[in-house]
There are 2 protein chains.
Amino acid sequence: MAEIVTRKEVAELAGVSEATVSRVFNDVGPMKEQTRQRVLQAAKTLNYHPNAIAQSFARRRSGNLGVVLPYVPKVHIFSTYYFSEVLSGIGEQVKASGNDMLLKFRVPGEESDYSSIFRSQKVDACVILGATDTPSERAELKKLEDGGFPFCLINQHMSGERFNEVDADHEGGSYRAVRHLLDLGYRDIAFLSGSPEYSNSGDRLRGYMQAMREAGLLPADAKTPGDLPAHLYYEGNYSRTSGIKAASAMHPHLNRIEAVFASNDRMAIGLMQGLREYGHVPGRDYAIVGYDDSEAARVTDPPLTSVAVPFYEMGRLAAERVLRRAGGGNETGGASEGFRLKLDTKLVVRQSCRILR
Amino acid sequence: MAEIVTRKEVAELAGVSEATVSRVFNDVGPMKEQTRQRVLQAAKTLNYHPNAIAQSFARRRSGNLGVVLPYVPKVHIFSTYYFSEVLSGIGEQVKASGNDMLLKFRVPGEESDYSSIFRSQKVDACVILGATDTPSERAELKKLEDGGFPFCLINQHMSGERFNEVDADHEGGSYRAVRHLLDLGYRDIAFLSGSPEYSNSGDRLRGYMQAMREAGLLPADAKTPGDLPAHLYYEGNYSRTSGIKAASAMHPHLNRIEAVFASNDRMAIGLMQGLREYGHVPGRDYAIVGYDDSEAARVTDPPLTSVAVPFYEMGRLAAERVLRRAGGGNETGGASEGFRLKLDTKLVVRQSCRILR
DNA sequence: TGAGATAATGAACGCGCGTACATTTTATAT
DNA sequence: ATATAAAATGTACGCGCGTTCATTATCTCA
């Protein structure tokens, strides 16, 4: 291992004090140009690089943005479009702001993991992906909030709390998706939901129901899945496999279903695969709309109409805002405001809804 | 922000010295059980968590595994199957070994980035993804090697160097893929290459050519793309778009092409899309084999025969080995051996090669 | 009961850096 | 030329922890 060069040796070689070396590297205070050059030259000669850990220690600031991901063994989390895009967005912002990103896997049901992430001081701020709206997680997050740790939820909304959030308008996106189907003349529109513990699953449901109510296809007071005709409501967990499973449940009712709105593309794809096994061809026997506008939506047959969500931008924004809250270092009390952003979603029309019989 | 509780306060409350608190938390030395309990109790009362940065500083060990990713603005790197899987594998191992993973984006053509990653001491070891086999990168990596920094390349082989590597048998995988096509009776088999600066692109080419030579379809001394009939060789950059572009180039020659071996699934998918525009249907007008066995291969029409690569396991192994090299702390000179692993690949047969005319 | 061994704990230092404060050098104004 | 201000640099300390070495409490065996 290469020997560690410290500030001291640079100072000696340059004939200045350690403080001066430090000043040069941090661009602090007035400084004679000649001195600066001498120090830089010495540093170069010795191949000096400030020790980041020591800097973090002295500054009491790690320079790391924590990214919390749900950890489920054997589920390859990065492979899902949503996580991939969000991470890419975070990565861009982190790089731009000179920070690093520290990935943390959180085993969902596990103890007080969140606050220990902060208490260990290894991150200055935190972005949380895949939080679920369960009592225990709410409680944990509330502890974080009370502790004053800067964190931000992505793609999650906890109603009633004042957590920082960057979310997307899933309700509106779903509403428009279903409206699109309604405008095309479909009436019997089924809904394939994702795991209900994510707030955005509920958002999608609400958007669907609102559109259906407005079209007079549901009673004006219909609110929950229970208020839906059973043959129109299905539940998966956002995996392709769960879409295939839903196909088995849906297939007997397909004579009473004209169209399906699926809560993400993967389930939509699984559903299409599954229904094909029963001889039902998407775009011919039924219309279908997916959600996420992942790359996969472009390559199915027929190409899948889907709702685009700016995941990348959401990641970028979340990182930017939460780092600003953490790093501003405005010890002036409140510092920057909390934030709750909700970005727009957009329907991308392809061929999966044109029934050509 | 919550006040920071330090060892000192715990020591005071427990009525012991700071050293004792430290010993309890590090499980060092003999220790009266009663004292240990008193310390733990005090720590709990005060909600003490050791400061990870200070620990890193004192131990001169960050506890971070660096993961270097190529940074290309606007290319959402995580979205590619290969990166996703490798990262998941690394994530598992890192979690299991009590480390964290620090993501570092590297702008490809940029200066001496690699060694600064280590010199800053923010990581103890490093796993490098997407390294290219160019003179400048070779030189940089060699510097790392000389510096004695523990690092490991994934899915990359630099012939002539003794870098740590975890690679897959792409040559064998490609060979078997092409053999599969040959066994089905195809003779005119085109090859769609990825970006040539990755070593594994060359591996795939070699596997392809070997199979073709053995079948007597190429001269025994055929080595480079230049030795191939022009209508059989195409080059993309692993993106779907480049597959679509390849389709334009390939389409005029499709009367002389029976099958295609594409260097990854995304390009295969793009190619299929593109050729469809010209009326050529995969599995009917031509056979096709992809590479990676990504999830996408399962949902194309027809499902894509592809070569499975154990990316997840590669990530896991690389992390394990490189952390062992770094962390063993065996100051006993050489410590653990270098490693160069090559994992097996496997052909997964689906329907894209059955031509049913 | 006492001496030596061992267990248990405390005192003190340094890791490499940022920075407040003290000091010296240089510029500016009279 | 001197007084004063500003610029430039040095000195010294602490961040929270791991760890070595010194010290004290406890045990063992005669």
Q.
Just to be sure before I move on: is A:Ala58 near DNA strand C (Cβ under 10 Å from one of its atoms), open to solvent by 20 Å² or more (accessible area, probe 1.4 Å), over 27 Å from the mean Cα position of the chain (by Cα) and of a type in the set (A, V, I, L, M, F, W, C) in the structure I sent?
A. yes
Q: Mind listing whichever residues of the range A:18-51 are within 8 Å of DNA strand C (Cβ to nearest atom) and among the small types (Gly, Ala, Ser)?
A: A:Ala19, A:Ser22, A:Gly29
Q. Open to solvent by 30 Å² or more (accessible area, probe 1.4 Å), modelled with pLDDT under 95 and over 23 Å from the mean Cα position of the chain (by Cα): does that describe A:Pro303?
A. yes
Q.
If I ask for residues that are assigned to a strand (DSSP E or B) and at the interface with chain B (Cβ under 9 Å from one of its Cβ atoms), which ones from the range A:83-142 would you list?
A. A:Asp100, A:Met101, A:Leu102, A:Leu103, A:Lys104, A:Phe105
Q | Subset of the range B:269-282 [open to solvent by 10 Å² or more (accessible area, probe 1.4 Å), away from chain A (no Cβ under 12 Å) and within 17 Å of B:Ile355 (Cα to Cα)] | A | B:Gly279, B:His280
Q | Of the criteria (1) within 14 Å of DNA strand D (Cβ to nearest atom); (2) more than 14 Å from chain B (Cβ to nearest Cβ), which one A:Ala54 fails | A | (2)
(Q) I'm trying to understand the selection: among the residues of the range A:204-216, which are in contact with an Asp or Glu (Cβ under 8 Å, 6 or more places away or on another chain) and surrounded by fewer than 22 Cβ atoms within 10 Å (Cβ to Cβ)? (A) A:Arg206, A:Gln210
Q | Selected residue (criterion: farthest from the other protein chains (Cβ to nearest Cβ)) from residues of the range B:247-268 that are open to solvent by less than 10 Å² (accessible area, probe 1.4 Å) and part of a helix (DSSP H, G or I) | A | B:Met250
Q) Can you tell me which residues in the range B:195-231 are at pLDDT 95 or above, under 29 Å from the mean Cα position of the chain (by Cα) and either assigned to a loop (DSSP other than H, G, I, E, B) or on the phi > 0 side of the Ramachandran plot (or both)? A) none
Q) In this structure, is B:Arg162 surrounded by fewer than 20 Cβ atoms within 10 Å (Cβ to Cβ) and in the same structural domain as B:Arg206 (by TED's automatic domain parsing)? A) no
Q: Those residues that are farther than 13 Å from B:Phe339 by Cα, within 13 Å of the chain's Cα centre (by Cα) and open to solvent by less than 10 Å² (accessible area, probe 1.4 Å), I need them from the range B:131-154; list them, please.
A: B:Ala131
Q: Could you look through the range B:165-203, keep only residues that are touching a Lys or Arg at 6+ places or on another chain (Cβ under 6 Å) and over 30 Å from B:Gly148 (Cα atoms), and pick out the one that is least open to solvent (accessible area, probe 1.4 Å)?
A: B:Ser174
Q | B:Tyr234 vs. criteria hydroxyl-bearing (Ser, Thr, Tyr), assigned to a helix (DSSP H, G or I) and open to solvent by less than 70 Å² (accessible area, probe 1.4 Å) | A | no
Q. Do we find a residue being of a type in the set (S, T, N, Q) and over 17 Å from A:Tyr238 (Cβ atoms) anywhere in the range A:164-175?
A. yes
Q | Positions within the range B:1-38 being in a helix (DSSP H, G or I), near DNA strand D (Cβ under 8 Å from one of its atoms), under 30 Å from A:Gly327 (Cβ atoms) and open to solvent by 70 Å² or more (accessible area, probe 1.4 Å), in sequence order | A | B:Arg7, B:Lys8, B:Phe25
Q. Among the listed residues A:Ser294, A:Ser306, which satisfies the condition of being among the polar types (S, T, N, Q) and within 11 Å of chain B (Cβ to nearest Cβ)?
A. A:Ser294
Q.
So B:Ser97 ticks every box in (1) open to solvent by 10 Å² or more (accessible area, probe 1.4 Å); (2) modelled with pLDDT of 90 or more; (3) within 30 Å of B:Glu9 (Cβ to Cβ); (4) not hydrophobic (A, V, I, L, M, F, W, C) but one. Which box is left unticked?
A. (3)
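The values are calculated or read from the model by the stated rules, or taken from the named source; none is laboratory data. Predicted model only: the values in this text are computed from it and were never measured. Note that each Cβ is placed from the backbone with ideal geometry, even for glycine, and that neighbours are counted across all protein chains shown. Heads up: the accessible areas ignore ligands, DNA and RNA and are worked out on the full protein's heavy atoms, side chains in. Shrake-Rupley method; radii C 1.70, N 1.55, O 1.52, S 1.80 Å.
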